[in-house]
Amino acid sequence: MASVSDNVMKFFRSSSNAAGPATPQKLSRRSSGMGEISRLLNSQEGLCVLDMGATSANNIRFFTGKGHKNYSEDLLRSSLDPALRMQDSEGKTVLDSKKFLDENLVYPNAHFDVVLCWNLPDYMEESLVKPTVDRLWSVMKPGGVLLAFFHTRDAGPDSTCYRYHATGTEMLDMQEVKFAAPGRPASEKVSPRLQRVFNNRHIENLFRDFASIKFFLARDSIREVLVVR
């Protein structure tokens with residue numbers, strides 16, 4: 001079980017650690033979906049929150065400061081593990097989704113009240129997306145809430161991948177994600193590429209086992225999706 005308090009040494013070094021002397025410009029965006037999540041987090045205590053991104057000290061402070069239990073899983077980075085690559089019956093390289101889920105998102109059923117999926121589905125290899133969402137359905141409590149961001153077709157393949165940091169309001173602080181691709185030196189950090197664009201029908205199908213889904217269209221080529229387990 002990947003509780004932040006138990007696995008703080010798994011901290012994913014942010015791009016700012018290797019960016020040189022220049023201080024990166026602080027970016028932020030308004031999120032209607034996060035506004036609803038923040039109201040929930042601010043009005044209750046003792047919730048279990050799954051933050052699906054590189055470990056964020058800011059998010060840990062916010063969630064634990066409100067009396068919530070915080071867990072962090074950097075699934076995008078985990079999905080790039082070369083050990084997941086295998087050959088199928090036709091000799092093509094595919095990802096072993098069973099091995100991926102044996103090693104990640106290992107929690108009891110009905111454990112989480114809130115899941116912050118962020119932009120993971122757009123940047124993760126497509127063969128892992130549906131198995132991951134199915135696992136999330138299992139580990140979420142009935143009535144639990146999940147927030148995810150999906151790019152629209154106006155976003156190009158070079159759209160910047162961001163790590164999001166909660167502020168306790170509808171505003172999110174943003175930090176560009178960079179890491180080395182599999183098999184490349186650690187010094188060759190690049191921003192992950194957008195893998196695909198889901199349309200609304202695909203998104204609805206992805207979350208078809210959930211009780212409800214709500215869309216918010218933002219101005220930065222992002223559709224926010226708030227789903228209830």
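The values are calculated or read from the model by the stated rules, or taken from the named source; none is laboratory data. Just so you know, these numbers come straight off a predicted model, no measurement behind them. Counting neighbours? That spans all protein chains shown, and the Cβs are built from the backbone with ideal geometry, glycine included.
Of note:
- For the stretch 197-214, the criterion of being of a type in the set (Ser, Thr, Tyr) and surrounded by 15 or more Cβ atoms within 10 Å (Cβ to Cβ) is met by none of the residues.
- Scanning the stretch 85-95 turns up one or more residues that are in contact (Cβ under 8 Å) with a residue 24 or more places away in the chain, in a strand (DSSP E or B) and either crowded, with 22+ Cβ neighbours inside 10 Å or not basic (Lys, Arg) (or both).
- Single residue of the stretch 134-144 satisfying the filter (surrounded by fewer than 22 Cβ atoms within 10 Å (Cβ to Cβ) and in contact (Cβ under 8 Å) with a residue 60 or more places away in the chain) that is nearest to residue 228 (Cα to Cα): 143
- Number of residues in the stretch 167-178 that are more than 15 Å from residue 119 (Cβ to Cβ) and assigned to a strand (DSSP E or B): the value is 1.
- Checked against (1) among the small types (Gly, Ala, Ser); (2) out of contact with any strand residue (DSSP E or B) (no Cβ under 6 Å at 6 or more places or on another chain); (3) in a loop (DSSP other than H, G, I, E, B), residue 138 meets all criteria but (3).
- Filter result (touching a residue at least 40 places away in the same chain (Cβ under 8 Å), assigned to a loop (DSSP other than H, G, I, E, B), among the aliphatic types (A, V, I, L, M) and out of contact with any Gly (no Cβ under 8 Å at 6 or more places or on another chain)) within the stretch 180-210: 181, 197
- Residue count, the stretch 96-116 (criterion: outside any loop (DSSP other than H, G, I, E, B) and either surrounded by fewer than 21 Cβ atoms within 10 Å (Cβ to Cβ) or free of Cβ contacts under 8 Å to residues at least 60 places away in the same chain (or both)): 7
One line per residue, one yes/no per condition, for (1) farther than 18 Å from residue 138 by Cβ; (2) among the hydroxyl-bearing types (Ser, Thr, Tyr):
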position: 69; (1), (2): yes, no
position: 75; (1), (2): no, no
position: 89; (1), (2): yes, yes
position: 94; (1), (2): yes, no
position: 109; (1), (2): no, no
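- Matching residues, the stretch 37-86, being touching a Phe, Trp or Tyr at 6+ places or on another chain (Cβ under 9 Å), more than 24 Å from residue 132 (Cβ to Cβ) and basic (Lys, Arg): none
- Filter result for residue 61 (at pLDDT 90 or above and under 19 Å from the mean Cα position of the chain (by Cα)): yes
- Of all residues in the stretch 170-207 being under 20 Å from residue 74 (Cβ atoms) and β-branched (Val, Ile, Thr), the one that is modelled with the lowest pLDDT: 190
- Counted residues, the stretch 58-84 - those being touching a residue at least 40 places away in the same chain (Cβ under 8 Å) and part of a helix (DSSP H, G or I): 9
- Of all residues making up the stretch 54-83, the number that are in contact with a Lys or Arg (Cβ under 6 Å, 6 or more places away or on another chain) and exposed (fewer than 14 other Cβ atoms within 10 Å of the Cβ): 0
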